[in-house]
Amino acid sequence: MPLRLFQSSGDLMADRRFEFARDLQLKGDLPAAADLLEQAIELAPNFISAWFTLGEIRAQLGERDKAIAAFRKSRESDASDQHGAHLHLIRLGDERLSEMPKAYVQALFDQYAPRFEHVLVNDLDYRAPSLIFKAVIAARVPAKKPALFKRAIDLGCGTGLAAVAFAKQVDHFIGIDLSPGMIKEARATNLYAELEVADMIEGLRGKSDASANLVVAADAFVYLSDLAPVLSEARRVLAPSGVLAFTLETHDGSGVILGEGLRYAHSAEYARGAIVRAGLKLLTLESASPRIENNEPVRGLVVVAEKT
């Protein structure tokens, strides 16, 4: 997982108490860790990282109301919510399901960028790009349609693993990612003709109508709860017969939930309906695990759709 975000309080003694508290948290002494964090907060009342970590510990201890109060203080102290307190408040049932703070996603992946690819491929058996590649080929070849694409857009491109998978199929690859750190890593691959720092929807909005033949999103839509905006923009940007292919995490219920890993899981029924409402033709919707987490395959879907 990414290195943990830490924002100094500006008070050396408070920061030291935080460090000791984190050590105790990792060792499992949660009450002692909470006590030290409260001491740190007394010294620095707007200590964002301390409030956030206190919220985590209160949640681990089953102290829901105290956890909610701490996460609220973390967010009040940082309106951009780089720690992602909002997501924990959703998990605790204090707030309705809604989109992730952009600052949280950017901070998460900026920290993760230097070791992202190594961890995913070697530790988590990451295979979302290959699943998408195989699904696209499987959908195009029987229909006697070309599996070569003049222009492709890689949403949430990360370090460029999807571009590696499609390197022989695409003439001009455009990568879009919210994290400058990820864009830096992607640039080093020399597989993209264009790279830009933007969220997925904003990036698509900057593209002309019918300007792409392929849009892919490998393990990227798990950071969106509502797929309607991104699917609508993808349809606009795709040329006729253009292909949209992506992976999702999924669950047995209906609609969308925020999972324990703080990523959104979309039901198959939701995904199917979202594709239809976006005016796309669904070609493939299959169960497939994009990676391993906690030594278990993550339940997922691979989806391929076409603009008719």
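Determine if the stretch 46-64 includes at least one residue that is hydrophobic (A, V, I, L, M, F, W, C) and touching a strand residue (DSSP E or B) at 6+ places or on another chain (Cβ under 7 Å).
no
Only one of 265, 278 is open to solvent by less than 50 Å² (accessible area, probe 1.4 Å) and over 30 Å from residue 122 (Cα atoms). Can you tell me which?
So the residue among 265, 278 that is open to solvent by less than 50 Å² (accessible area, probe 1.4 Å) and over 30 Å from residue 122 (Cα atoms) is 278.
Which residues, taken from the stretch 293-308, are surrounded by fewer than 17 Cβ atoms within 10 Å (Cβ to Cβ) and either in contact (Cβ under 8 Å) with a residue 60 or more places away in the chain or closer than 12 Å to residue 125 by Cβ (or both)?
295, 296, 297, 308
How many residues, within the stretch 98-157, are in contact with a Ser or Thr (Cβ under 9 Å, 6 or more places away or on another chain), assigned to a helix (DSSP H, G or I) and among the acidic types (Asp, Glu)?
The number of residues fulfilling the criteria is 2.
Run residue 28 past the list (1) more than 29 Å from the chain's Cα centre (by Cα); (2) at positive phi and report the number of the one that doesn't hold.
Residue 28 satisfies every listed condition except (1).
List every residue pair whose Cβ atoms sit under 7 Å apart, with the two residues 6 or more apart in sequence or on different chains, where the first one lies in the stretch 257-276 and is aliphatic (A, V, I, L, M) and the second, anywhere, is part of a loop (DSSP other than H, G, I, E, B).
Once the first residue is aliphatic (A, V, I, L, M) and sits in the stretch 257-276, its partners that are part of a loop (DSSP other than H, G, I, E, B) give 257/251; 258/97; 262/84; 265/250; 265/251; 265/259; 268/250; 274/227.
Tell me which of these residue 33 doesn't satisfy, since it passes every other one: (1) within 19 Å of residue 108 (Cβ to Cβ); (2) modelled with pLDDT of 95 or more; (3) not hydroxyl-bearing (Ser, Thr, Tyr).
In the conditions (1) within 19 Å of residue 108 (Cβ to Cβ); (2) modelled with pLDDT of 95 or more; (3) not hydroxyl-bearing (Ser, Thr, Tyr), residue 33 misses (1) alone.
Of everything in the stretch 60-76 that's out of contact with any Phe, Trp or Tyr (no Cβ under 6 Å at 6 or more places or on another chain) and under 18 Å from residue 4 (Cα atoms), which residue is surrounded by the fewest Cβ atoms within 10 Å (Cβ to Cβ)?
Result: 60.
For every residue, the table says whether it meets (1) touching a strand residue (DSSP E or B) at 6+ places or on another chain (Cβ under 9 Å); (2) closer than 21 Å to residue 308 by Cα; (3) in contact (Cβ under 8 Å) with a residue 12 or more places away in the chain.
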{"position": "115", "(1), (2), (3)": "no, no, no"}
{"position": "118", "(1), (2), (3)": "no, no, no"}
{"position": "133", "(1), (2), (3)": "yes, yes, yes"}
{"position": "138", "(1), (2), (3)": "yes, yes, yes"}
{"position": "149", "(1), (2), (3)": "yes, yes, yes"}
{"position": "156", "(1), (2), (3)": "yes, no, yes"}
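Which condition from (1) part of a loop (DSSP other than H, G, I, E, B); (2) within 19 Å of residue 216 (Cα to Cα); (3) out of contact with any Asp or Glu (no Cβ under 8 Å at 6 or more places or on another chain) is the one that residue 290 breaks?
Of the numbered conditions (1) part of a loop (DSSP other than H, G, I, E, B); (2) within 19 Å of residue 216 (Cα to Cα); (3) out of contact with any Asp or Glu (no Cβ under 8 Å at 6 or more places or on another chain), the odd one out for residue 290 is (3).
Can you confirm whether residue 123 is closer than 23 Å to residue 295 by Cβ and open to solvent by 20 Å² or more (accessible area, probe 1.4 Å)?
In short, yes.
If I filter the stretch 1-49 down to residues being in a helix (DSSP H, G or I), in contact (Cβ under 8 Å) with a residue 24 or more places away in the chain and among the small types (Gly, Ala, Ser), which single residue comes out as nearest to residue 77 (Cα to Cα)?
This residue is 49.
Output the residue which, of all residues in the stretch 130-163 that are modelled with pLDDT under 95 and among the β-branched types (Val, Ile, Thr), is surrounded by the fewest Cβ atoms within 10 Å (Cβ to Cβ).
141
The values are calculated or read from the model by the stated rules, or taken from the named source; none is laboratory data. This one's a predicted model, so the numbers in the text were calculated from it and none came from an experiment. Glycine also receives a Cβ, built like all others from the backbone with ideal geometry; neighbour counts cover every protein chain displayed. The area values use the complete protein model at the heavy-atom level, side chains included, leaving out ligands, DNA and RNA. Shrake-Rupley method; radii C 1.70, N 1.55, O 1.52, S 1.80 Å.
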